Amino acid sequence: MRLPCGPVILVLVSLLVSGCVVSKKRYDELEDSFRRTRIAMQDTIDERDASLEAEMARSAELGRRIQELETRIEAKKSELAAGEAEQKRLTGELAKVVSDRSQLRESVEEMERALAELSARKAAADRRIAEFQDLVSRFQDLIDAGRLRVRIVEGRMVVEMATDVLFGSGSARLSEDGRAAVQEVAGVLAELSGRRFQVEGHTDNVPIRTAQFPSNWELASARAITVVNEMIEAGVPNENVSAASFGEFKPAADNETPEGRAANRRIEIVLVPDLSTLPGFDELRRLSASD
């Protein structure tokens, strides 16, 4: 930027016009002073222009840097938002994994319980099969002689004896052969330590009406009690044996034929199951205790 010289010339002209007498030396001094002042002023102006340009450049650079920072801030905000979304997604996946893992653990525990129960049931079934086979082997001679049968009835092991061998028609008194048969059977059963037995009396459907036995209920119960007493005499503990009567109401065969009626006239010695060995017994006992 250049300083205009017009005002200085006007000053000089004014001096001349006004009649002021200025010597050449003084004029030269004034002109030299003016020149130096103008140069100094021009330098000052140039310095200010340069400073202004530098300041403007710094402002522009600062603006550029601010813009860069704002751009980076926006980018970081986007990254942060993406990170938060990813964290939310991962948190959801983690929650699902935890839930699935919990369900899987429950499924595994349930499967383990089911397998344990299945194993217990199999072990119980194996024990019952072994007991049945042992019982059959103990009575094999009597079975071969046709004096009794060993069967599974309603899940229970049953020693079945025909009453025609044990009692006379309409009687609850054991015959000699019948007493011998019951004693032989009782001797074997007495060897089964800890087992309990229920002696069940059954008849055919032919009615009986006597002073001693008004119906088949009384006849069947009297025969069952007679067998119980004989078993006790043969060594079966009193507390391990009981009697029951079903009369004609639990037939094993058709009463329409003589063979069927003969099959229905029977004594069944039932080996009472030990419920404590069955799966779920402990839970049943706890439920019973809580009532």
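All of the numbers you see were taken from the coordinates with simple rules; none came from a lab. Being a predicted model, the structure only gives us computed values, none of them experimental. Every residue, glycine as well, gets a Cβ built from its backbone with ideal geometry; the counts of neighbours run over all protein chains shown.
Which of the three applies to the range 60-138, rounded, prolate or oblate, going by the alpha-carbon gyration tensor with a ≥ b ≥ c and a/c under 1.5 meaning rounded? Present the calculation step by step, with values, prior to reporting the outcome.
On the way: a/c = 18.17, a/b = 11.81, b/c = 1.54.
Taking the square roots of the gyration eigenvalues as a ≥ b ≥ c, the range 60-138 is prolate.
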Cross-link reach from Lys24 to aspartates and glutamates, straight Cα distance under 17 Å and at least 8 residues apart if same chain, gives Asp32
Summing +1 per Lys or Arg and -1 per Asp or Glu among the other residues with Cβ less than 12 Å from Glu200's Cβ gives +1
Under 5 Å from the placed amide H of Ala243, counting only residues 5+ away or on other chains, we find Val199
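Under the rule of -39500 (n - 2.57) per DSSP H run of 4 or more residues, summed and divided by the residues of the chain, what mean residue ellipticity at 222 nm is obtained, to the nearest 500 deg cm²/dmol? Display every interim value, and only then the final one.
Details: 8 runs with 186 residues, N = 291.
After summing the helix terms and dividing by the residues of the chain, the value is -22500 deg cm²/dmol.
Give the residue list of GluC sites (Glu not before Pro) in the range 79-178 that are DSSP loop and have at most 15 other beta-carbon atoms within 10 angstrom.
Working: sites: Glu79, Glu84, Glu86, Glu93, Glu106, Glu109, Glu110, Glu112, Glu117, Glu131, Glu154, Glu160, Glu176; in loops: Glu154.
Sparse-neighbourhood loop GluC sites (Glu not before Pro): Glu154.
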Note on the range 147-273, DSSP bridge orientation, antiparallel percent to nearest 5 equals 75
Looking only at aspartates and glutamates whose Cα falls under 18 Å of Lys250's and that sit 8 or more positions away or on another chain, we get Glu154, Glu160, Asp164, Glu200, Asp204, Glu218, Glu259, Glu268
Under the Karplus relation with 6.51, -1.76 and 1.60 and θ = phi - 60°, whole-Hz ³J(HN,Hα) for the range 250-260, x at Gly and Pro, equal 9, x, 9, 8, 6, 6, 7, 10, x, 5, x
Volume per residue (Å³) of the convex hull spanned by the alpha carbons of the range 167-227 is 79
Simple spin-label estimate for Ala50/Glu86, 7 Å along Cα→Cβ, in nm, reads 5.2
Matching label for the computed Kirkwood radius over Cα pairs in Å, out of [x] 20.8; [y] 29.8; [z] 19.5, is [y]
